[in-house]
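Working notes, beginning with the structure itself.
Every number here is computed from the coordinates shown, using simple stated rules; none is lab data. Every value quoted in this text rests on a predicted model; they were computed, and no experiment measured them. Methodologically, a virtual Cβ is constructed for each residue, glycine included, from the backbone with ideal geometry; neighbour enumeration extends over all protein chains shown.
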């Protein structure tokens, strides 16, 4: 870079800084980059500082897409370097014993649609299968009929398809009850489990006292006979439990002889209405991980205790234990994730459905315009670290913006529109780019004939003497008894910038469409450009407002769902 024009060097570094951090470049950082690579310029520090101010002002005036485009033209290697660093951040740590491929599973309960909390395990397992090759099993864990929503069988599969997981096979645990029964029979035969008919409260007292219940020392033959009696419906709900033998002296009472099977008389299982003996999670998980050949299990730290319980069954049966990785808890705030709360809210009319944008379901995110690639990228960035974290919605929105910003067409949306006439203004037609970084995409045509609509909030600030109507001209604002009056003030964009005039979106009175923008905080009533009608199902950017997905178009107008800024 020696011998190059300092201004060119500064421009490239300022653009790189702006693209990397998504904001206005910082003078110190830009000058430091240039001086560090070109020490011969240190003797010209004053000149470089003055040029830096000019260059930063130039870059600050550009839209983000224009900055990226200009940088790619001037220094494509810088764009490539930024992209490489971004991708490197998402590389997951290696898995042990994975060189020959992996078998992994995602195992949701069909109690409702998947939400953002499910996405972490789903995406991380998927990423490892794609890295090492192998099988990715979707296992529907539906052995608790009290937690099964029949509709969720379809919604879960739909959510997984939307998320783009590379599922290779799907199994339903309710189809595998006979397999579990046979394995329980084997476990009892090995002396690793027994059938307990003790009162639950009495058993709890003995467990807390680190004492065995009377059933624990029953002969294997007696336990097998009681097991067969269970399968013949010889016991009612609450009368009997199959327990796994563990260490009664274990310091954690929850580890002591935990339950493996129970009888449930109601509700009937939607897929197996005649079933009444059900495995509990810690048994069915081990059985399926073994039978399906699962090699690696990635799940949250809240399952560490379950991992310890499950090892007892592996040891009793003489099976190989999978490789376990437990990641830290991920706190998620700002949306409802509880399936029972969501279902109650839908029933009571608080929410419009599982895709209500106030919820944290994947289908709610999709309706807002969050893309599955963004969800996957956000989860990969979080990774499998053991530290507890708080989920950042801003990070998800940032990932989504990287994808939609280059493709979303731009339009004006005017919230709470107020009609006003511009005094002494020439009639003209403006041609605004559909996308500032892609002239080939075309323009939107807006005809100014005197009367326009503006956001009411923009007219409430009486300290503003000059306003720039975006892509049109400048106006001066005066107030008479609280009523605003706007007058034409020339076309100079430079003058508006020098005066730090706000840039405001607008629409011709005669050329607007009613538009409702739905946000998690409530509806915003406004107007948008007629061409928005052509964007049904797509994400657009309402300039100065944010990105939005066009959800419906009718004769009455447009309904859009706010995505993010």
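Counting pairs of alpha carbon atoms under 8 Å apart in space and at least six apart in sequence, what relative contact order in percent does the chain give?
Values: 972 pairs, mean separation 56.5, N = 565.
Answer for the chain is 10 percent.
Taking N as the number of residues in region 96-329, what value does Rg over Cα atoms divided by 2.2 N^0.38 Å take?
Numbers: Rg = 18.3 Å, N = 234, 2.2 N^0.38 = 17.5 Å.
So the Cα radius of gyration is 1.05 times the expected 2.2 N^0.38 Å.
Between residue 443 and residue 208, how high is the FRET efficiency from 1/(1 + (r/R0)^6) when r is the Cβ-Cβ distance and R₀ = 51 Å? Nearest 0.05. All intermediate terms of the calculation are to be shown ahead of the outcome.
On the way: r = 75 Å, r/R0 = 1.48.
That gives a FRET efficiency of 0.10.
Which three semi-axes in whole Å describe the equivalent ellipsoid of region 409-565, each the square root of 5 times a Cα gyration tensor eigenvalue, listed largest first?
Values: eigenvalues 133, 64, 42 Å².
Ellipsoid half-lengths, sorted descending, are 26, 18, 15 Å.
Whole Å is fine, so just give me how far the alpha carbon centre of region 351-407 lies from that of region 244-323.
Each part reduced to its Cα centre gives a spacing of 32 Å.
Exposure proxy check: 249, 230 ranked by fewest other beta carbons within 10 Å?
Working: 249 8, 230 22.
Listed from fewest to most nearby Cβ atoms, that is 249, 230.
Quick one: if you stick a label point 7 Å off each Cα along the C-beta vector at residue 175 and residue 272, how many nm between them?
Placing both labels 7 Å beyond Cα along the Cβ direction yields 1.3 nm.
In bins 10 Å wide, starting from 0, what share of all Cα pairs of region 372-416 does each bin hold, as a percent?
Spelled out bin by bin, region 372-416 gives 24, 38, 24, 11, 3 percent.
Simple spin-label model, 7 Å along Cα-to-Cβ: residue 224 to residue 20 in nm?
7.0
Given R₀ = 41 Å, FRET efficiency for residue 333-residue 190 by Cβ-Cβ distance, to 0.05?
Plugging the Cβ-Cβ distance into 1/(1 + (r/R0)^6) gives 0.30.
For region 489-565, what D do you get in µm² per second when you plug the Kirkwood radius from alpha-carbon pairs into Stokes-Einstein at 4 °C and 1.567 mPa s?
Working: Rh = 13.8 Å.
Answer from the Stokes-Einstein relation: 94 µm²/s.
For 435, 296, 326, which order do you get if you count the other beta carbons within 10 Å of each Cβ and list the fewest first?
Ascending Cβ contact count within 10 Å gives the list 326, 435, 296.
Going from the alpha-carbon gyration tensor of the chain, what semi-axes, largest first and in whole Å, does one get by taking the root of 5 times each eigenvalue? Working shown, then result.
Details: eigenvalues 746, 185, 68 Å².
After diagonalising the Cα gyration tensor, the semi-axes are 61, 30, 18 Å.
Sorted from fewest to most neighbouring beta carbons within 10 Å, what does the list 292, 187 look like? Don't skip to the answer; put the middle values down first.
Working: 292 16, 187 25.
Arranged by neighbour count, lowest to highest, 292, 187 become 292, 187.
How far is the Cα center of region 524-551 from the Cα center of region 198-238, in Å?
After rounding, the separation between the Cα centres reads 63 Å.
Ranked highest first by the average count of other Cβ atoms within 10 Å around their residues, in what order do 133-142, 49-58 fall?
Values: 133-142: 20.0, 49-58: 16.3.
The most tightly packed comes first, giving 133-142, 49-58.
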